[in-house]
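The values are calculated or read from the model by the stated rules, or taken from the named source; none is laboratory data. As the structure is a prediction and not an experimental result, all values here were calculated from the model. Cβ coordinates were reconstructed from backbone atoms using ideal geometry, including for glycine residues, and neighbour counts include every protein chain displayed. We work out accessible area using only protein heavy atoms, side chains counted, and drop any ligands, DNA or RNA first. Shrake-Rupley method; radii C 1.70, N 1.55, O 1.52, S 1.80 Å.
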Amino acid sequence: MLLACVCMLAGAQSRSFRLGKWTEIQSSILKELNRSYVDSLPIDRIERAGVDAMLASLDPYTVYIPEEENEDLRMMINKSYGGIGAVIYKPDVQGNVIINEPYEDSPALQFGLQCGDEIMEIDGESVVGLSSQECSERMRGTPGTKVLFKVKKVYTGEIKDIRVTRRTIHLPDIEYYGFIRPGVGYILQSGFTEGVALQMRKAVQQMRSGGQLDTLVLDLRGNGGGLMNEAVDIVSIFVPKGSTVVSARGRNESDAYTSRTTLAPVDTGLPLIVLVDSSSASASEIVAGALQDLDRAIIVGTRTFGKGLVQSIRPLPYGGQLKVTTAKYYTPSGRCVQAIDYSHRNEDGSVGHIPDSLTKEFRTQSGRIVRDGGGITPDIEVRPRDYSRLTYSLVVNGVVEQYALKYVSSRRSIAPVEDFHLQDAEYEDFIEFAKGKKFDYRSSAKTYFDYVRKELQRDGLEAAMSAELDALGKALDMEKEDFLRLKKDEIIPFIEEEIVVRYYQQAAGVKLRLRYDTQLYEALAKSSGFKF
């Protein structure tokens, strides 16, 4: 015991010495630079760069948040801000601001702003020359204050002043819930900010009272996580009170704890399907891992992201804060979902292949085998639909979004979401619109071909293969218009979704997206015969 105490004391002294040594070295360097450097020293910039680089060498989630960025932190925690509640679009810094999408029940809608309206001035100042971000900052403000817009109305061209009273805008984590077929409920959850567990509890209760709920699908695809306590409370909806959901272990004993459900469940027998993908992370993995370990849900989709690190907020001088990784979390079976090496991942950030020899086996409540090593591996793998490079390019470059604004500007109304379909003539109109836009419309095969040809040029081999390369390149070439027609079926859903959200807001977009969600319906089909 005496030897152990001596070793611990020596280790603590060694750490303190190293910390003091490097603090002194850094301070001396800065003082010498301040005294001797040839130009004026940008202290704030180099110190911030040094802090960011230091923290980045630890893990991607330990970050410094200066006082001026605290509002962004609050937005991350509760998805709330003071403003008018609208997405704006500014295609040209020398042009007007366009109302792209007013939120449901927002001040923007209440005071008469609609999709396609052009804002020319904000509080008497022209928006010409201002960036989209600068305009957004001027539109935000303390709830209860007013902001004056000079607006050109989309359908009449009338120019009028509209004064809007700002409110607290909360972006809901439960983006949609309802029945997708008789007896099958569906909840789309996009985050884990304050209050989401209560929202979900109410959603489940309403669906149970509003019809026969035989199966519930909880969609966590693309959900990057958030507050751990909200994840625990969501699990509590479906498991007995007192069930273990997650435990954390850190360097210090104070960072170790076990979280159990403290609320009475809504339904412990309701068949439950949880949809996940490579972007389901952190709190999403706590929910999916706990429900899997407790044999309470079927996890369907693709392996999750693999973020098993817990962050805590620590106050710093001058109003700053440090978001620091303090522990790793573990599911009820004892496995950690943190990727074995979070510095080496796939291009989309997800965990690469990990051989079983590098992972450990754990057992669910009923004895099923599950493994650690990176993310939650689904009980049933169902891959998402693959889209062409053309479709991604249309979306990423804003061509679909711009066409939706054009579409809205010429039509005051459309059919209800359930009945809305883009007609053939309207898709031809989209083709004409897209033909005039600049975007990379090459196929994946043509992209790879162009890359290979460049490499052959660098190696001096292209001349010897010129005829064959020319023939293959010609075969792979396709006119933009022809390619757009070829991929019509996969492009139309994106156009339809962009259009309906501008008439009926976000929930309508989710409803329309569900119409084409092949992964969801395959998950339902494959889950029907699953046995724990």
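In table form, for the structure just shown:
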read-out: Selection status of Glu401, modelled with pLDDT under 90, within 22 Å of the chain's Cα centre (by Cα) and more than 30 Å from Val245 (Cα to Cα); value: no
read-out: Filter result for Leu472 (without any contact (Cβ under 8 Å) to a residue 40 or more places away in the chain, among the hydrophobic types (A, V, I, L, M, F, W, C), more than 26 Å from Val154 (Cβ to Cβ) and open to solvent by less than 50 Å² (accessible area, probe 1.4 Å)); value: no
read-out: Extreme residue, surrounded by the most Cβ atoms within 10 Å (Cβ to Cβ), among residues of the stretch 215-231 that are assigned to a loop (DSSP other than H, G, I, E, B) and at pLDDT below 95; value: Gly225
read-out: Answer residue from the stretch 195-241, given it is under 25 Å from Ala256 (Cα atoms) and among the charged types (D, E, K, R) and is farthest from the chain's Cα centre (by Cα) among those; value: Lys241
read-out: Looking only at the stretch 244-258, and only at residues there that are in contact with a helix residue (DSSP H, G or I) (Cβ under 7 Å, 6 or more places away or on another chain) and modelled with pLDDT of 95 or more, the one that is nearest to Lys202 (Cα to Cα); value: Val245
read-out: Residues located in the stretch 337-363, provided they are at pLDDT 90 or above and open to solvent by less than 90 Å² (accessible area, probe 1.4 Å); value: Phe362
read-out: Any chance Ala467 is assigned to a helix (DSSP H, G or I), among the hydrophobic types (A, V, I, L, M, F, W, C) and over 21 Å from the mean Cα position of the chain (by Cα); value: yes
read-out: Leading residue by the ranking (surrounded by the fewest Cβ atoms within 10 Å (Cβ to Cβ)) among those in the stretch 236-262 that are among the hydrophobic types (A, V, I, L, M, F, W, C) and in contact (Cβ under 8 Å) with a residue 60 or more places away in the chain; value: Ala256
read-out: Checklist (1) modelled with pLDDT of 90 or more; (2) surrounded by fewer than 13 Cβ atoms within 10 Å (Cβ to Cβ); (3) in a helix (DSSP H, G or I) applied to Val51, failing item; value: (2)
read-out: Qualifying residue in the stretch 152-161 (condition: in contact (Cβ under 8 Å) with a residue 40 or more places away in the chain and outside any strand (DSSP E or B)); value: yes
read-out: Selection count, the stretch 97-109, where residues are open to solvent by 40 Å² or more (accessible area, probe 1.4 Å) and touching a residue at least 40 places away in the same chain (Cβ under 8 Å); value: 2
read-out: Near pairs, Cβ below 7 angstrom, 6+ apart or cross-chain, from the stretch 30-51 (under 17 Å from Leu316 (Cβ atoms)) to any residue that is open to solvent by less than 70 Å² (accessible area, probe 1.4 Å) and not in a loop (DSSP other than H, G, I, E, B); value: Val51/Tyr64
read-out: Subset of the stretch 1-46 that is open to solvent by 100 Å² or more (accessible area, probe 1.4 Å) and not in a helix (DSSP H, G or I) - its residue that is modelled with the lowest pLDDT; value: Met1
read-out: Subset of the stretch 410-429 [within 28 Å of the chain's Cα centre (by Cα) and closer than 30 Å to Leu476 by Cβ]; value: Leu422
read-out: Arg485, sole failed condition from (1) open to solvent by 80 Å² or more (accessible area, probe 1.4 Å); (2) closer than 27 Å to Ile98 by Cα; (3) part of a helix (DSSP H, G or I); value: (2)
read-out: Exclusive hit being open to solvent by 70 Å² or more (accessible area, probe 1.4 Å), over 29 Å from Leu405 (Cβ atoms) and not in a strand (DSSP E or B), set Gln205, Gln133, Gln199; value: Gln205
read-out: Cβ-Cβ under 6 Å pairs, at least 6 apart or on other chains, the stretch 136-149 side open to solvent by 30 Å² or more (accessible area, probe 1.4 Å), far side among the acidic types (Asp, Glu); value: Leu148/Asp123
read-out: Residues of the stretch 489-532 satisfying the condition of being open to solvent by 40 Å² or more (accessible area, probe 1.4 Å) and among the β-branched types (Val, Ile, Thr); value: Thr518
read-out: Top-ranked residue in the stretch 177-196 [being among the hydroxyl-bearing types (Ser, Thr, Tyr) and within 16 Å of Lys79 (Cβ to Cβ); ranked as surrounded by the fewest Cβ atoms within 10 Å (Cβ to Cβ)]; value: Thr193
read-out: Residues of the stretch 366-409 that turn out to be surrounded by 15 or more Cβ atoms within 10 Å (Cβ to Cβ), charged (D, E, K, R) and more than 20 Å from Arg513 (Cβ to Cβ), as a count; value: 4
read-out: Of the criteria (1) part of a helix (DSSP H, G or I); (2) open to solvent by less than 70 Å² (accessible area, probe 1.4 Å), which one Arg74 fails; value: (2)
read-out: Subset of the stretch 110-122 (residues that are open to solvent by 50 Å² or more (accessible area, probe 1.4 Å), part of a loop (DSSP other than H, G, I, E, B) and either in contact with a strand residue (DSSP E or B) (Cβ under 6 Å, 6 or more places away or on another chain) or of a type outside the set (S, T, N, Q) (or both)); value: Phe111
read-out: From the options Asp59, Asp92, residue that is closer than 30 Å to Leu130 by Cβ, in a loop (DSSP other than H, G, I, E, B), at pLDDT below 90 and not small (Gly, Ala, Ser); value: Asp92
